[in-house]
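So the structure is just underneath, and the comments pick up after that.
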């Protein structure tokens with residue numbers, strides 16, 4: 001799925017590409033010592049890999065030492081990304097809370 005192109009930035013002339021940034025915060029009850037953590041985390045990683053392989057997830061990974069992470073998606077809308085996230089088994093189990101933001105990349109070495 002292609003990201004939504006918003007045209008060119010009038011000041012720089014750079015092409016703007018829209019991505020959706022999901023910020024994951026792990027709920028305290030699911031620290032790495034909890035019995036459910038390993039299975040839910042594995043399910044989360046497998047789910048993310050499936051969306052990466054399908055071209056919807058551009059990048060993702062954990063914040064070092066913070067119990068959360070970030071994922072950047074290409075999609076047609078924020079609701080499409082929210083739907084993808086709702087299917088994540090770790091999100092369904094309440095391990096992560098997630099907020100999604102529309103992001104317009106003006107300076108972008110990743111491409112569209």
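The numbers here are math on the coordinates, done by the rules we state, and not lab data. Note that the structure is predicted; figures quoted are calculated from it, not measured. Note that each Cβ is placed from the backbone with ideal geometry, even for glycine, and that neighbours are counted across all protein chains shown.
So, in the stretch 51-67, exactly how many residues are over 11 Å from the mean Cα position of the chain (by Cα) and surrounded by 13 or more Cβ atoms within 10 Å (Cβ to Cβ)?
Total meeting the criteria: 2.
Evaluate the following for residue 17: is it loosely packed, with under 12 Cβ neighbours inside 10 Å and touching a residue at least 60 places away in the same chain (Cβ under 8 Å)?
no
Suppose the filter is in contact with a helix residue (DSSP H, G or I) (Cβ under 8 Å, 6 or more places away or on another chain) and on the phi < 0 side of the Ramachandran plot; does residue 47 pass it?
yes
Restricting the search to the stretch 52-86, which residues are without any contact (Cβ under 8 Å) to a residue 12 or more places away in the chain and touching a helix residue (DSSP H, G or I) at 6+ places or on another chain (Cβ under 8 Å)?
86
Which residues, counting only those in the stretch 80-112, are surrounded by fewer than 18 Cβ atoms within 10 Å (Cβ to Cβ), within 13 Å of the chain's Cα centre (by Cα) and under 14 Å from residue 18 (Cβ atoms)?
Scanning the stretch 80-112 gives 80, 101, 102, 103.
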